[in-house]
2 protein chains.
Amino acid sequence: MSATIEQTTPATTPDTSGESRRAVRIGICGLGTVGSGTVNVMARNRDEIAARCGRPVEIVQIGARRDNPACDTSGVDVSREIFDVAANPEVDVLVELIGGTTVARELVLAAIASGKHVVTANKALIAEHGNELFAAAAEKGVTIAYEAAVAGGIPIIKSLREGLVGNRIQWLAGIINGTGNYILTEMREKGRSFEEALRQAQDLGYAEADPTFDVEGIDAAHKLVIMASLAFSMPLAFDKVYTEGISGVSSEDIRYADELGYRIKHLGIARGTEKGVELRVHPTLIPQRRLIANVNGVMNAILVSGDAVGPTLYYGAGAGAEATASAVIADIVDVARTLESRPEERVPLAGVARGSQGGTRVLPMDEVVTSYYLRISAHDKPGVMSQVASICSDQGISIEALIQHEPAEGEALVPVVILTSRAREARLREAVAQIEALDTVEGEVVRIRVEPLG
Amino acid sequence: MSATIEQTTPATTPDTSGESRRAVRIGICGLGTVGSGTVNVMARNRDEIAARCGRPVEIVQIGARRDNPACDTSGVDVSREIFDVAANPEVDVLVELIGGTTVARELVLAAIASGKHVVTANKALIAEHGNELFAAAAEKGVTIAYEAAVAGGIPIIKSLREGLVGNRIQWLAGIINGTGNYILTEMREKGRSFEEALRQAQDLGYAEADPTFDVEGIDAAHKLVIMASLAFSMPLAFDKVYTEGISGVSSEDIRYADELGYRIKHLGIARGTEKGVELRVHPTLIPQRRLIANVNGVMNAILVSGDAVGPTLYYGAGAGAEATASAVIADIVDVARTLESRPEERVPLAGVARGSQGGTRVLPMDEVVTSYYLRISAHDKPGVMSQVASICSDQGISIEALIQHEPAEGEALVPVVILTSRAREARLREAVAQIEALDTVEGEVVRIRVEPLG
């Protein structure tokens with residue numbers, strides 16, 4: 001085996017196209033974690049990026065209230081006024097990395113108004129104002145790229161919108177919040193309580209002082225509606241997402257799930273049904289053998305099922321300076337390559353040509369059909385099981401598995417764990433209400449949805 | 001929670017661009033499994049594809065020696081002479097699905113010569129003749145799309161070439177042959193021998209009557225060089241790949257690997273080093289906790305590590321009519337959308353602009369550094385361990401783990417399993433030769449490389 005490729009292959013003949021194209025001029029607004037990561041990676045991989053893009057990509061201006069020692073901005077015009085970047089005629093592409101939905105929205109609209117393309121990592125902005133922003137961009141014939149808004153460095157937007165373009169997406173389910181996945185992983189692997197795991201996540205900088213956004217599923221809901229809009233060619237419908245956090249998940253339930261061959265993950269799920277699209281974020285039992293059930297720590301993964309391709313999975317870092325920068329730069333290169341293209345030659349920002357998007361109905365949770373994990377605290381009396389069973393059967397729910405555990409030390413109550421058949425949420429809710437009303441049952445029934453993801 | 005999205009969002013205003021564009025005319029050559037799958041999926045999802053592409057995509061001609069009852073070609077001009085499609089002025093994009101490297105090469109060159117874009121699922125053609133074909137396409141200003149050539153429906157080419165464009169790829173490792181992965185999975189889960197598992201794969205239609213192509217790693221090598229050329233901006237170097245099959249893997253070794261916390265997978269590995277790029281296909285021990293170690297059956301997965309994004313994984317069906325069609329259609333849409341674009345506005349087919357590709361050196365196996373799993377059949381005499389240990393240390397190889405197993409029923413020989421430290425292949429080979437020469441050791445030493453993939 002010879003060790004080198006000496007013969008200069010045809011592909012290495014002198015460039016005839018790339019060299020002739022002028023540099024694309026980038027303006028970055030926001031110099032926080034992602035902003036500094038983007039500046040650093042663009043500097044470090046400058047030559048590779050230019051070779052792949054077919055033209056140089058240069059940061060000509062940065063708008064930031066303050067400098068960030070994490071990156072070197074020497075040689076770049078830094079303005080303390082981010083709107084300078086939106087107004088700068090020397091900027092072709094404005095990269096919005098300031099976060100939030102108020103100033104960011106105005107900034108993006110200003111950039112669009114001045115005919116600039118926009119790249120953003122802002123999931124809240126796209127999820128809550130995307131419909132308005134996309135329309136404004138379409139009017140001006142510019143694009144808004146938002147790969148970095150979902151699952152950090154994982155190219156999931158590109159995969160959904162381009163890679164799986166031949167498919168009808170049937171459903172997708174994602175671990176799209178690293179903080180929540182870290183907490184659930186710690187609870188399972190180290191037997192920690194939610195509070196302990198959260199505190200540790202905060203100590204490690206994975207969780208904010210106010211963790212609501214992550215642990216209550218709002219962040220995941222933002223990402224879910226963005227993916228769902230592409231998967232089902234529907235408008236962004238953030239206000240229609242059912243959202244349930246993980247603060248109610250106990251290590252006890254994680255242990256019982258294990259016994260039954262399941263893992264508990266915080267999933268964002270979108271599924272197409274005849275009656276509408278399900279949009280829901282909640283803790284979910286997943287069979288242990290599924291690849292996504294084994295995605296641990298702060299990592300993200302999205303499982304996407306298409307009618308032609310079947311199930312596919314995309315895994316990687318969902319956050320972090322350079323992982324997110326990786327997605328920002330991918331968007332910058334896509335925009336840079338097609339800077340002079342006609343709008344219809346670019347990938348449509350909403351996934352479909354204007355006018356082709358439907359006003360898809362979002363299925364109310366009452367109509368959603370799933371299986372359920374139920375944990376009942378019952379007095380160890382004869383008859384309680386038959387009462388529970390008859391309540392379920394009255395609602396057309398059958399019991400697939402039932403485990404009666406030993407009462408905890410000095411506890412009179414017996415934990416009874418049930419896996420139900422698939423049933424409509426409304427019926428399940430009714431059954432649970434009746435079970436809670438039994439005098440042989442104490443307190444609330446713990447309920448966690450189950451998804452086979454098969 | 002309201003159940004519907006009544007407000008017509010801006011994105012649903014009438015189309016102004018898409019409608020004006022004429023249909024893109026597709027010619028398909030080859031009506032086998034993938035060809036019929038492509039025809040079926042394009043018909044089934046016709047409207048979705050047009051909406052996402054921004055223009056209709058129509059199959060105007062099919063070239064096939066014989067019809068395929070698996071798909072309906074009524075209304076399409078079917079020619080028994082595939083070169084008619086390459087010559088047909090009504091065809092914009094020729095889709096090569098005939099396979100092989102002789103006629104297929106001529107067909108693709110003919111299509112390029114007549115100014116057509118080409119979409120192909122032919123891994124052997126790209127791996128062995130890609131440099132020539134890419135140069136011909138570049139000269140004519142047309143593109144060759146080959147997503148379907150690697151890992152079926154998994155959008156790995158798009159992810160490498162576009163999604164991770166901001167990264168320096170450090171290494172990639174893939175389970176890219178479903179037949180081999182099915183065999184190894186059966187061997188591990190059912191304790192079958194290689195021969196039994198192979199026969200079953202043949203009965204199920206996963207393996208050919210002559211399985212050489214799959215089990216000896218040639219198919220994986222084709223896919224590996226295509227991914228490596230994009231990851232490392234190097235010419236396609238199929239003749240430089242080190243290839244080792246799985247026919248030598250025994251269920252015994254799979255069992256011992258399990259004991260040590262590893263799985264044995266047939267991987268295609270490309271790694272960038274200071275001295276050159278490693279290109280190798282061989283059975284590999286992977287830590288069980290790695291996600292890719294849990295990819296079973298006929299499924300494929302590719303783990304890609306970039307300097308900015310870190311490790312990412314892409315999982316899905318690596319073969320099958322509609323899974324492969326999914327990738328073919330993604331390519332068709334990419335080409336259709338940019339049919340009128342200037343070449344430099346398209347993603348460069350070799351991943352980088354012409355002239356930017358290096359003549360990257362491929363590292364000879366002697367220089368590759370890995371850990372090793374060794375299984376030695378030794379006579380149960382004192383001193384043999386110290387002999388082995390001193391031979392290894394003389395070569396600068398330390399022993400990380402050593403398990404001495406009980407001899408098999410009625411066997412005098414003791415199986416000794418060793419995990420070594422990382423060492424250069426040349427030194428490992430020398431150590432193994434010396435161990436095999438010991439009179440306390442019988443037969444050949446089994447050697448399987450170990451990759452942490454961390």
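Some values worked out for this structure:
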{"item": "Residue tally, condition without any contact (Cβ under 8 Å) to a residue 24 or more places away in the chain and open to solvent by 10 Å² or more (accessible area, probe 1.4 Å), over segment B:312-325", "result": "0"}
{"item": "Candidates B:ASP219, B:ASP214, filtered to the one that is touching a Gly at 6+ places or on another chain (Cβ under 8 Å) and surrounded by 24 or more Cβ atoms within 10 Å (Cβ to Cβ)", "result": "B:ASP214"}
{"item": "Pairs, first assigned by TED's automatic domain parsing to the domain that holds B:THR185 and within 16 Å of B:GLY261 (Cα to Cα) in segment B:291-308, second charged (D, E, K, R) and open to solvent by less than 10 Å² (accessible area, probe 1.4 Å), C-beta under 7 Å, six or more apart", "result": "B:ALA293/B:LYS265"}
{"item": "Of all residues in segment B:381-403 being charged (D, E, K, R) and surrounded by fewer than 13 Cβ atoms within 10 Å (Cβ to Cβ), the one that is nearest to B:ALA431 (Cα to Cα)", "result": "B:ASP394"}
{"item": "The listed residue being of a type outside the set (Phe, Trp, Tyr) and open to solvent by 10 Å² or more (accessible area, probe 1.4 Å), out of B:VAL304, B:VAL362, B:VAL369, B:VAL333", "result": "B:VAL369"}
{"item": "From the options A:VAL328, A:VAL352, residue that is within 14 Å of another protein chain (Cβ to nearest Cβ), crowded, with 21+ Cβ neighbours inside 10 Å and under 30 Å from B:ILE169 (Cβ atoms)", "result": "A:VAL328"}
{"item": "Residues being more than 22 Å from A:SER193 (Cβ to Cβ) and not in a strand (DSSP E or B) - total across segment A:246-287", "result": "3"}
{"item": "Segment A:391-410 residues that are within 19 Å of A:ARG449 (Cα to Cα), paired with ones that are in a loop (DSSP other than H, G, I, E, B) and of a type outside the set (Ser, Thr, Tyr) (beta carbon under 7 Å, 6 or more apart)", "result": "A:ALA401/A:LEU260"}
{"item": "Failed criterion for A:THR338 (all others in (1) within 7 Å of another protein chain (Cβ to nearest Cβ); (2) crowded, with 24+ Cβ neighbours inside 10 Å hold)", "result": "(2)"}
{"item": "Members of segment B:428-442 found to be among the acidic types (Asp, Glu) and in a helix (DSSP H, G or I), listed by number", "result": "B:GLU430, B:GLU436"}
{"item": "Condition broken by A:VAL76, with the remaining ones in (1) under 22 Å from A:ALA321 (Cβ atoms); (2) touching a residue at least 60 places away in the same chain (Cβ under 8 Å); (3) out of contact with any Phe, Trp or Tyr (no Cβ under 6 Å at 6 or more places or on another chain) satisfied", "result": "(2)"}
{"item": "Test result for A:ILE5, over 38 Å from the mean Cα position of the chain (by Cα), β-branched (Val, Ile, Thr) and either modelled with pLDDT of 95 or more or not in a helix (DSSP H, G or I) (or both)", "result": "yes"}
{"item": "Residue among A:THR179, A:THR120 that is assigned by TED's automatic domain parsing to the domain that holds A:VAL241 and modelled with pLDDT of 95 or more", "result": "A:THR179"}
{"item": "So A:ILE246, is it surrounded by 21 or more Cβ atoms within 10 Å (Cβ to Cβ), closer than 28 Å to B:ALA301 by Cα and more than 13 Å from every other protein chain (Cβ to nearest Cβ)", "result": "no"}
{"item": "Residues of segment A:305-331 that turn out to be more than 12 Å from A:ALA149 (Cα to Cα) and in a helix (DSSP H, G or I), as a count", "result": "4"}
{"item": "Matching residues, segment A:290-314, being polar (S, T, N, Q) and more than 7 Å from chain B (Cβ to nearest Cβ)", "result": "A:ASN296, A:ASN300, A:SER305"}
{"item": "Residue among B:GLY141, B:GLY205, B:GLY130 that is surrounded by fewer than 24 Cβ atoms within 10 Å (Cβ to Cβ) and not assigned by TED's automatic domain parsing to the domain that holds B:ILE269", "result": "B:GLY141"}
{"item": "Test: residue in segment A:88-110 that is under 23 Å from A:GLU344 (Cα atoms), of a type in the set (Gly, Ala, Ser), assigned by TED's automatic domain parsing to the domain that holds A:ARG337 and open to solvent by less than 20 Å² (accessible area, probe 1.4 Å)", "result": "no"}
{"item": "Given (1) in contact (Cβ under 8 Å) with a residue 40 or more places away in the chain; (2) hydroxyl-bearing (Ser, Thr, Tyr); (3) in contact with a helix residue (DSSP H, G or I) (Cβ under 9 Å, 6 or more places away or on another chain), number of the condition B:THR243 does not satisfy", "result": "(1)"}
{"item": "Residue tally, condition aliphatic (A, V, I, L, M) and not in a strand (DSSP E or B), over segment B:293-304", "result": "3"}
{"item": "Evaluation of A:GLY261 against (1) farther than 20 Å from A:GLY454 by Cβ; (2) of a type outside the set (A, V, I, L, M); (3) more than 10 Å from chain B (Cβ to nearest Cβ) (one fails), failing number", "result": "(1)"}
{"item": "Among residues of segment A:339-365, those that are farther than 25 Å from A:THR243 by Cα and in a helix (DSSP H, G or I), counted", "result": "3"}
{"item": "Hey, B:GLU278 among the acidic types (Asp, Glu), surrounded by fewer than 24 Cβ atoms within 10 Å (Cβ to Cβ) and under 27 Å from B:LYS240 (Cβ atoms) or not", "result": "yes"}
{"item": "Filtered residue count, segment A:355-366, keeping only those that are of a type in the set (Gly, Ala, Ser) and more than 7 Å from chain B (Cβ to nearest Cβ)", "result": "1"}
{"item": "When residues of segment B:24-56 are limited to those that are at the interface with chain A (Cβ under 10 Å from one of its Cβ atoms) and in a loop (DSSP other than H, G, I, E, B), the one surrounded by the most Cβ atoms within 10 Å (Cβ to Cβ)", "result": "B:GLY54"}
{"item": "Residue tally, condition assigned to a helix (DSSP H, G or I), aliphatic (A, V, I, L, M) and in contact with a helix residue (DSSP H, G or I) (Cβ under 8 Å, 6 or more places away or on another chain), over segment A:212-240", "result": "9"}
{"item": "Only listed residue being outside the structural domain of B:ARG255 (by TED's automatic domain parsing) and open to solvent by less than 60 Å² (accessible area, probe 1.4 Å), chosen from B:ALA412, B:ALA423", "result": "B:ALA423"}
{"item": "Qualifying position, being on the phi > 0 side of the Ramachandran plot and at pLDDT below 90, among A:GLY383, A:GLY396", "result": "A:GLY383"}
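Matching residues to (1) modelled with pLDDT under 95; (2) under 20 Å from the mean Cα position of the chain (by Cα):
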residue	(1), (2)
B:ALA317	no, yes
B:GLU322	no, yes
B:ALA325	no, yes
B:ALA330	no, yes
B:ASP334	no, no
B:GLU345	yes, no
B:SER356	yes, no
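The values are calculated or read from the model by the stated rules, or taken from the named source; none is laboratory data. Not measured: the values here are computed from a predicted model. Note that we place each Cβ from the backbone using ideal geometry, even for glycine, and neighbour counts take in every protein chain shown. Keep in mind that these areas ignore ligands, DNA and RNA; they rest on the heavy atoms of the full protein, side chains included. Shrake-Rupley method; radii C 1.70, N 1.55, O 1.52, S 1.80 Å.
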